[in-house]
Amino acid sequence: MLFHRQRRRVLIAGVVTVATAALGIGLSTQFAGAQTTLRGAADEIGKDIGVAVSYDQLMNNAQYRNIVATEFNSLTAENAMKWDATEPSDGNYTFTQADAIVDFAEDNGQTVHGHTFVWHQQTPQWVQNLSGTAMRAAMVDHINTVANRYEGRVDSWDVVNEVVSDSNGAMRDSFWLRAMGEGYITTAFQTARAADPNADLYINDYSIEADNAKSDRIYTIAQGLVSQGLLDGVGFQSHLILGQVPSTMEANLQRFVDLGLKVRITELDIRIGMPADSSELARQAQDYERVVSICAELADCTGVTVWGLRDGDSWVPGVFPGEGAPLLFNDDFSKKPAYNSVLNALGDGTTEPPTSDPVTTTSPPPPGDGCTATLSVQSPWNTGATYAATVKADRALTGWTVTWTWPGSERISNAWSIQGNLTGATVTGSNVGYNGTLAAGQSTTFGFNITKANGSTASVPTVTCTPA
Ligand code: 9MR
């Protein structure tokens, strides 16, 4: 694609302020050590760890807000961005709930994965009753209005959701298909692309985690959209059943990556027959670890979103009576075994030190200046770029400072996992609370976005790293 989205993670000082203007409630939480939060661990490996959030809980439950802000670096509205919530009647848009969630994400330095424009559920009857031509117009207006409103604030969108049926990979027989024919999918993507060229556009579905007839159909649709430059990623919802993580999941995701696409686990939950005993919870933890590891180890997997915070927040028991306990937190906000296994899969917030031969003793790391740091351009666009940076400790460190000078007019506009004097021609920044302590040989990361002269190349200055 021509444009790449700008990462909007704005954590500059390592302090998460759990507040939104809409909520009018402020609560500062010192960001815990990287080892102790999913967010810290995910940041270190450059992945999203997301959660689907409920507007009501975000409004009314301070503990919920606090955990959403400290444990996750990405949000999806579980319901607040769907058509019935944003345009309940023709042309009457209601953004109170969606705005509050996007504000919250912004206040807490989180990305937003938008869900969803075109779905056969939670779309009001007035849309379903329209003729093909009128339905097309309503779809275009809806996507334009919602995408424009959140342009620059929502990083990626599930443009269409669940367009393939469960029977043999046939297209879903939805009111969209009946009124508009299969072209409704292309129309949706063309509209979304034009409305927000910087957002990543996804096709999202369930039961496509394995290599099967349904994922084959998604693959064919994806090929067509890729050839038109309209698709950036595939969302694998991953509403899974205990013990049934598909054996082909990794290879299946890889074949979409091989099309040049990003992949993302968009709605992860793993349900258990109730009541869940401790061995089932342990098995669930293993299943979670496997799914998150698949994403952690696949460079083009952007991240994992869990579909709700606590077990009691989940949609599962309502739809599958007798099944439940599918998420990472208990209803009292205590962590389940699956929480710890997700943390493990994300690398525990630490980069593994090089493995040493258990028989021979290893010599201490060679003496150096203490640390080295490098910058790399992740995604450039005409007037800016996102950078990833790595700081590597040559010996045990309790903190670090990096400095460099931009050769031209490049300037940092926002940064994460680093603090200091960041916005001038000479940048001087230090670790934040959770990424200063490093063992010899260990690495950590920070990142930032820059603005630059239109069309210029994003330069890669040499960085000097000094231990604290
Ligand atoms: O979790 C959502 C639940 O609160 C809603 O009642 C339901 C309505 O259909 O949608 C649930 O989320 C779904 C998501 O939007 C699309 N994939 C399946 C999810 C679970 O049903």
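Bear in mind these aren't lab numbers, they're just calculated from the coordinates by the rules spelled out. Not measured: the values here are computed from a predicted model. All Cβ positions, glycine included, derive from the backbone under ideal geometry; neighbour counts span all protein chains shown.
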Row for the chain, column shape: gyration tensor on C-alpha, a ≥ b ≥ c, rounded if a/c < 1.5 i.e. under 1.5, prolate if a/b over b/c, else oblate; value prolate
How much length is gained on full extension from Asp166 to Thr186, taking 0.36 nm per residue of separation minus their Cα-Cα distance?
5.1 nm
Can you work out the FRET efficiency for the pair His120 and Asp331, with r the C-beta to C-beta distance and R0 = 45 Å, to the nearest 0.05?
0.90
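Quote the relative contact order of region 234-351 in percent (integer), defining contacts as alpha-carbon pairs under 8 Å separated by 6+ residues. Present the calculation step by step, with values, prior to reporting the outcome.
Values: 196 pairs, mean separation 33.2, N = 118.
Contact order relative to length: 28 percent.
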Net charge around Lys452, counting only other residues with Cβ within less than 12 Å of its Cβ (Lys, Arg = +1; Asp, Glu = -1)?
0
Residues whose modelled amide H sits under 5 Å from the amide H of Lys452, counting only those 5 or more places away in sequence or on another chain, are Gly384
Using a Förster distance of 22 angstrom, determine the FRET efficiency expected from the C-beta separation of Asp348 and Ser278, and round it to 0.05.
0.45
Starting from the Cα of Arg290, step 7 Å along the direction of its Cβ; do the same at Thr457; then give the gap between the two resulting points in nm.
4.6
Among all the lysines, which ones have a C-alpha under 25 Å from Lys336's C-alpha, if same-chain residues fewer than 8 places away are not counted?
Lys47
Calculate the FRET efficiency for Ile241 and Ala299 from the Cβ-Cβ distance with a Förster distance of 25 Å, rounded to the nearest 0.05.
0.30
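State, as an integer percentage, the relative contact order of the chain based on alpha-carbon contacts under 8 Å between residues 6 or more apart. Don't skip to the end; give the middle numbers.
Values: 1063 pairs, mean separation 76.1, N = 468.
It comes to 16 percent, rounded to a whole number.
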Ranked from fewest to most other Cβ atoms within 10 Å of their own Cβ, Ser314, Ser167, Ser54 fall in the order Ser167, Ser54, Ser314
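Helix-only mean residue ellipticity at 222 nm, the chain, DSSP H runs n ≥ 4 weighted -39,500 (n - 2.57), per residue, nearest 500. What is it? Spell out each step's value before the answer.
On the way: 14 runs with 136 residues, N = 468.
Helices in the chain give a 222 nm mean residue ellipticity of -8500 deg cm²/dmol.
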